[in-house]
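Here the structure is laid out as structure tokens; the discussion comes afterwards.
What follows is calculated from the coordinates using simple rules that are stated; it is not laboratory data. A quick note: this is a predicted structure, and the numbers were derived from the prediction, not measured. Reconstructed Cβ throughout: ideal geometry from the backbone, glycine too, with neighbour counts over all protein chains shown.
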Amino acid sequence: MTRVRVHNFSVSLDGFGTGEGLTLDAPFGHAGERLHEWFFPTATFRSQSGHGERVDADPSSAPDDAFASQWGDGIGVEIMGAGKYGPPGWQDDPGWQGWWGRKPPFHTPVIVLTHRPREPLTLGETTFHFLSAPPIAALEVARGLAGDRDIHIGGGPTMLRDFLAAGLVDHAHIAVVPILLGRGVRLWDGLEALERRYDVASVTTPSGTTHLTLTRKAS
């Protein structure tokens, strides 16, 4: 059965999944790259970004990579919000093709949720489908694209919060990074008592990152 999963989504200690002031030059606003510094030394990041083979990763990052490496297993489609696809205002640029260049790292169809849809865009192995729809309707489209594989919810924090609030996520991995941002977009707002619906586990690694896993409780 197709599951809905979240992997490698980073938040600060005060719950922010992105900073304030997002621009083309600052995709995460004032947070910069601090939310993802745990991920960059891992073998998973290095293999995805073309920085070398998995053996070239920092050995001390192995505990973080044990979580990071689960990202692509069995994924047939990704759903992302407009803010992950591009900076504010990208909808006004018909030539904008995302942050990732000609070879995006997804290797699956991607659904981009935006109030201003456009025609699908194929880059390498990835086709981006632009859809204006609430979470449950977006999932129906995603299931048609995923076949018997799982659906990955890629963020940002606003759309991930919407999927969690609607009870549509089966498994989530949230990396809580030991920084304070103070401002930006928070993930957890409005999700009071979320733990009643999930079995929650946590592991803290030498990087100082606490990896939370939320697995939906059997009904």
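Brief remarks follow.
- Residue (of F163, G89, T127) at the positive-pole extreme of region 38-176, dipole from beta-carbon charges: G89
- For region 62-168: rounded, prolate or oblate by the Cα gyration tensor [a/c cutoff 1.5]: rounded
- Under a Gaussian network description of the chain, with springs only between Cα atoms under 10 Å, the residue in I75, I153, I179 that fluctuates furthest is I179.
- In the chain, the calculated helix contribution to ellipticity at 222 nm averages -4500 deg cm²/dmol per residue, counting -39,500 (n - 2.57) for every DSSP H run with n ≥ 4.
- Virtual spin-label span in nm between S60 and A137, 7 Å along Cα→Cβ: 4.9
- Over region 123-193, volume per residue of the alpha carbon convex hull, in Å³: 152
- In this structure, A166 and E195 have a Cβ-Cβ separation that, at R0 = 25 Å, corresponds to a calculated FRET efficiency of about 0.90.
- The chain, dipole about Cα centre (Lys/Arg Cβ +1, Asp/Glu Cβ -1), debye to the nearest 20: 400
- Sorted peptide list for 82-91, 8-17, criterion being average Cβ within 10 angstrom, highest first: 8-17, 82-91
- Net charge, L24 excluded, C-beta distance under 13 Å - Lys, Arg +1, Asp, Glu -1: -3
- Once the chain from Q48 to E33 is taken as fully extended at 0.36 nm per residue, the excess over their C-alpha distance is 3.7 nm.
- Three-way shape label, region 159-219, alpha-carbon gyration tensor, a/c 1.5: oblate
- For the chain, the relative contact order is 30 percent, taking Cα pairs closer than 8 Å that sit 6 or more residues apart in sequence and dividing their mean separation by the residue count.
- Förster radius 45 Å - calculated FRET efficiency between Q91 and V203 (Cβ-Cβ, nearest 0.05): 0.70
- Seen through its C-alpha gyration tensor, with square-root eigenvalues sorted a ≥ b ≥ c, the chain comes out rounded because a/c lies under 1.5.
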